[in-house]
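Undergrad: My questions will all concern the structure given below.
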Amino acid sequence: MAIYYEEQEQIFTLETVNSTYQMKVDRFGFLLHLYYGKRVSGSMEYLLTYYDRGFSGNPAAVGNDRTYSMDALPQEYPAMGTGDYRSSAVVIRNADGSACCDLRYVSHEIRRGKYGLQGLPAVYAGEEEAETLTLLLEDKVSGVQVQLLYGVLEKEDIITRSVRIVNGGLEQITVEKAASACLDFETGEYELLTFYGRHAMERNLQRMPVEHGNYMIGSRRGASSHQYNPAVILADRHTTEDMGNCYGMVFVYSGNFQCEAEKDQYGQTRLMMGLQSDYFRYPLAQGEALVVPETILAFSDRGLGGLSEKYHRCIREHICRGKYSRQTRPVLINSWEAAYFDFTGETICNLAGEAASLGIDMVVMDDGWFGKRNDDNSGLGDWQVNEKKLGCTLKELTDKVNEFGVKFGIWIEPEMVSEDSALYREHPDWAMRIPGREPVRSRNQLVLDFSRAEVREHIFNQICAVLDQGNIEYVKWDMNRSLMDFYSADRCPGKVTYDYVLGVYDFLEKLTRRYPDMLIEGCCGGGGRFDAGMLYYTPQIWCSDNTDAVDRVRIQYGTSFFYPVSAVGSHVSAVPNHQTGRSVSLHTRGVVAMAGTFGYELDPAKLSPAEKAEIREQVRDYKRHAALIQNGSYYRLSNPYEAAYGAWLFVAQNQEEALLNVVMLETHGNMTVSYVKLKGLAPEAVYEVTAADAEAGRIEDSGRLQAFTPGRRYFGSALMEAGLPVPVEMAEYPAYQVLLKKMI
Ligand code: GLA
């Protein structure tokens, strides 16, 4: 049992292995939040305090008692209009124009298994793995009903929240704002960790104190965005990577979102995650419902690392679906940085030939194979194979690629249309634009109105007709601009942001059903839609258009706070790097790309025989470690924003093996030595360095005794408490990969 209801006191307790979550229906029917944190016993109602607070309103039901105010009480789902002047979780505009929704408890249900959400991705679990609590609240005057859904995955230490808003009244209402999770803390000094960025530089970590006022991040771009990831951490001021309390909120949604952290007049903190409200006005007629996407909550008392571990497991095992979700992924080579738009069928065959000789499993034909598409100004929407450009049919091409013993994958961008395309000429009204206004262009393309079923169906049929032509085993689903002209011929503009995302999900669901064995990689100019919603359909996402290994150390560090390595698309590309102009060794590029779904993004024909030999070895190494990388526990060993090095570690679940990765980020005269401390090993066990990479070998050759030398043995406790000295080299960005095996 993970969910308990104490009838006398009307207290609901949700329990996971390490956390307790508690709330209570009070004597007036309000649902008050009592506690979320490390496991505790008993009623936490004593935490509630009541004082006469000037300028804070009192509900009529309390009579003359001026100490009862929604403005000060911790609530489970604060609605606008009840006397709480903090930011609300839900704002409902009634038919008379007022914005009041006074939600009181009506009933509840506790059942086995995890709830699902119609049309939306959500954490899934077996009947035995989870329990669901549904709480029904109602505003008696308008008839608005709100179902609060809680999923408890006890063993995983995860609680999910979602909300269903139903118009149970006679008149139309409009939902103007809706969060799926709200956490009120009566006490504590917190810091908020958010992950901001830009195209080609996503998920940088920002840590800042939560002060008085309302701090908000989010996306108005139609996708979850490069700029802010829909996942945040609220940490006690002194929480570190390894120690202290912290809470996570991960939104399982790929569109506009909003996260708010507010410290109120009494020093109380409110954290909320939900739909972005600026472009959102969702009308509900009598009987209609709106489902607010799910937020995944987790609590860790073992610092940020402990929190990440829970999210990695939850996303890997309860979000990602399909054949590939738990399988190691094919090593692929992608044509984009190898050839951009300038390729023929022969180019792809040559890549396949090179791939075969290097041990690479799959070749991916990126943008440029369809319609009239020799640059990024035309052709989107015309999903017909450009046989003239390829010099063959798609079937012939995939057959030839397969003859090399190499799989074939293809790039698509279903949501977009170029004005210079047959599709646009035929259906200009299918692109999102506001009548009477010029559309806002981006990458010279417009966005198709995916909230409309007939638009989706047309594109779906075109794309399936392509995918059915040959043996296509992988699709890269791209999305290369932010949305702007939120308008639809079919529905009111306030619904478009949400219905668009549901349209994308509907398309993806149909695609995954029709091609259950196909691996789909999400992409949005790299990591512009890197979220748990997309991961429900695509178990991996191209992490960033930035393939520079040094920048990637930081981008992948930020990504690792929530998303497992199996979700992170990462490739070795050519030098000088096409995004930064920086050159780092092939070895370093390989080590960094191995912290993801490994692959290449370059033209092997341009490499020397020595480089090819190194790649062959790299691929062999990756395959040897792939299961450990994908299924092992991942530990961050440094903060690459502060340390002179980036380091991370994979440890097998049974602690028998560990793979240490270090990339030096700084070099100085008379360089100081960095010591990297390992984690997650068996302290009493002895580990032996069984394979150190080529560069470590090179250092050994130079005659200096190095900690990374094969054959050296260390106790797990020594590796964790004292660490290993990282070699000092006269070089920029050397990297080390060290395999440790438990001997005793
Ligand atoms: C986006 C992707 C790239 C590539 C191009 C093709 O930028 O992130 O990897 O596929 O589109 O146009």
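The values are calculated or read from the model by the stated rules, or taken from the named source; none is laboratory data. No experiment lies behind these values; they were computed from the predicted model shown. Note that we place each Cβ from the backbone using ideal geometry, even for glycine, and neighbour counts take in every protein chain shown. The accessibility values were calculated without ligands, DNA or RNA, using every heavy atom of the protein model including side chains. Shrake-Rupley method; radii C 1.70, N 1.55, O 1.52, S 1.80 Å.
Undergrad: Report those helices (runs of 4 or more DSSP H) wholly inside region 283-375 carrying at least 3 residues which are small (G, A, S) and within 16 Å of the ligand (Cβ to nearest atom). Spell out the reasoning first.
TA: Values: elements: 303-318, 336-339, 345-358.
Answer list for region 283-375: none.
Undergrad: Could you list, in sequence order, all residues of region 283-298 that are buried (at least 17 other Cβ atoms within 10 Å of the Cβ) and within 17 Å of S162 (Cα to Cα)?
TA: Of everything in region 283-298, those that are buried (at least 17 other Cβ atoms within 10 Å of the Cβ) and within 17 Å of S162 (Cα to Cα) turn out to be L290, V291, V292, P293, E294, T295, I296, L297, A298.
Undergrad: Tally time: how many residues in region 521-544 are within 14 Å of the ligand (Cβ to nearest atom) and under 21 Å from F408 (Cβ atoms)?
TA: 7
Undergrad: Would you tally the residues in region 1-30 being within 15 Å of L136 (Cβ to Cβ) and of a type in the set (G, A, S)?
TA: Result for region 1-30: 1.
Undergrad: Now for a separate question. Test E396 against the criterion of being in a helix (DSSP H, G or I), within 15 Å of A605 (Cα to Cα) and either away from the ligand (no atom under 15 Å from the Cβ) or touching a residue at least 12 places away in the same chain (Cβ under 8 Å) (or both), and give yes or no.
TA: Criteria not met by E396.
Undergrad: Can you spot a residue in region 464-475 that is without any contact (Cβ under 8 Å) to a residue 40 or more places away in the chain, more than 16 Å from the ligand (Cβ to nearest atom) and part of a loop (DSSP other than H, G, I, E, B)? Working first, answer last.
TA: Applying the first criterion (without any contact (Cβ under 8 Å) to a residue 40 or more places away in the chain) to region 464-475 yields 468.
If we keep only those that are more than 16 Å from the ligand (Cβ to nearest atom) too, we end up with 468.
From what is left, the residues that are part of a loop (DSSP other than H, G, I, E, B) are 468.
Yes, because at least one residue in region 464-475 is without any contact (Cβ under 8 Å) to a residue 40 or more places away in the chain, more than 16 Å from the ligand (Cβ to nearest atom) and part of a loop (DSSP other than H, G, I, E, B).
Undergrad: Looking at the structure I just gave you, is E128 under 32 Å from the mean Cα position of the chain (by Cα), closer than 18 Å to H318 by Cβ and either exposed (fewer than 14 other Cβ atoms within 10 Å of the Cβ) or among the basic types (K, R) (or both)?
TA: Yes; evaluated as a whole, the condition is true for this residue.
Undergrad: Give the residues of region 418-448 that are open to solvent by less than 30 Å² (accessible area, probe 1.4 Å) and farther than 17 Å from N480 by Cβ, sorted by residue number.
TA: If the condition is that a residue be open to solvent by less than 30 Å² (accessible area, probe 1.4 Å) and farther than 17 Å from N480 by Cβ, then W430 is the only one that fits.
For every residue, the table says whether it meets (1) in contact with a Leu (Cβ under 8 Å, 6 or more places away or on another chain); (2) open to solvent by less than 40 Å² (accessible area, probe 1.4 Å).
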{"site": "V572", "(1), (2)": "yes, yes"}
{"site": "G581", "(1), (2)": "no, no"}
{"site": "S585", "(1), (2)": "no, no"}
{"site": "R589", "(1), (2)": "no, yes"}
{"site": "A593", "(1), (2)": "no, yes"}
{"site": "G596", "(1), (2)": "no, yes"}
{"site": "A613", "(1), (2)": "no, no"}
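Undergrad: Same structure, new question: Residues of region 99-125 being more than 21 Å from L183 (Cβ to Cβ), open to solvent by less than 50 Å² (accessible area, probe 1.4 Å) and among the charged types (D, E, K, R), which ones?
TA: Matches in region 99-125: D102 only.
Undergrad: Another question, then. Pick from region 684-697 the residues that are over 23 Å from R552 (Cα atoms) and part of a loop (DSSP other than H, G, I, E, B): which of them is least open to solvent (accessible area, probe 1.4 Å)? Spell out the reasoning first.
TA: In the first step, residues of region 684-697 are kept if they are over 23 Å from R552 (Cα atoms); the result is 684-691, 697.
Narrowing the set further to residues that are part of a loop (DSSP other than H, G, I, E, B) leaves 684-685.
Numbers: E684: 151, A685: 7 Å².
Per the stated criteria, the residue is A685.
Undergrad: Cβ-Cβ under 6 Å, sequence separation 6+ or interchain: first residue in region 403-432 and in contact (Cβ under 8 Å) with a residue 12 or more places away in the chain and part of a helix (DSSP H, G or I), partner within 16 Å of the ligand (Cβ to nearest atom) and hydrophobic (A, V, I, L, M, F, W, C). Which pairs?
TA: Once the first residue is in contact (Cβ under 8 Å) with a residue 12 or more places away in the chain and part of a helix (DSSP H, G or I) and sits in region 403-432, its partners that are within 16 Å of the ligand (Cβ to nearest atom) and hydrophobic (A, V, I, L, M, F, W, C) give L423/V417; Y424/V417.
Undergrad: State yes or no: is N64 at negative phi and either free of Cβ contacts under 8 Å to residues at least 12 places away in the same chain or not assigned by TED's automatic domain parsing to the domain that holds S277 (or both)?
TA: yes
Undergrad: Still on this structure, I have one more. Among the numbered conditions (1) open to solvent by 10 Å² or more (accessible area, probe 1.4 Å); (2) assigned to a loop (DSSP other than H, G, I, E, B); (3) aromatic (F, W, Y), tell me where Y557 comes up short.
TA: Unmet condition: (2).
Undergrad: Separate question: Could you check region 476-497 and list, in sequence order, the residues that are outside any loop (DSSP other than H, G, I, E, B) and within 16 Å of the ligand (Cβ to nearest atom)?
TA: Result: K476, W477.
Undergrad: Let me ask something else. Condition first: in a helix (DSSP H, G or I), over 30 Å from E601 (Cβ atoms) and open to solvent by less than 20 Å² (accessible area, probe 1.4 Å). Can you find one or more residues in region 508-522 that meet it?
TA: no
Undergrad: Next question, about the same structure. Could you count how many residues in region 597-636 are under 16 Å from M362 (Cα atoms) and assigned to a loop (DSSP other than H, G, I, E, B)?
TA: Qualifying residue count for the region: 2.
Undergrad: Confirm whether L380 is open to solvent by less than 40 Å² (accessible area, probe 1.4 Å) and part of a helix (DSSP H, G or I).
TA: Taking the combined requirement at face value, the residue does not satisfy it.
Undergrad: Which condition does Y51 not pass, out of (1) of a type outside the set (S, T, N, Q); (2) in a strand (DSSP E or B); (3) under 16 Å from T187 (Cα atoms), if it passes all the others?
TA: Exception for Y51: condition (2).
Undergrad: Could you check D26 against (1) touching a residue at least 60 places away in the same chain (Cβ under 8 Å); (2) under 20 Å from E7 (Cβ atoms); (3) open to solvent by less than 60 Å² (accessible area, probe 1.4 Å) and say which number it fails?
TA: Only one criterion is unmet by D26, namely (1).
Undergrad: So L681 passes all but one of these: (1) in contact with an Asp or Glu (Cβ under 9 Å, 6 or more places away or on another chain); (2) crowded, with 18+ Cβ neighbours inside 10 Å. Which condition number does it fail?
TA: Only one criterion is unmet by L681, namely (1).
Undergrad: Would you say G267 is closer than 30 Å to D52 by Cβ, in contact (Cβ under 8 Å) with a residue 24 or more places away in the chain and not hydrophobic (A, V, I, L, M, F, W, C)? Walk me through it before giving the result.
TA: Working: closer than 30 Å to D52 by Cβ: yes; in contact (Cβ under 8 Å) with a residue 24 or more places away in the chain: yes; not hydrophobic (A, V, I, L, M, F, W, C): yes.
Here the answer is yes, as G267 does meet what is asked.
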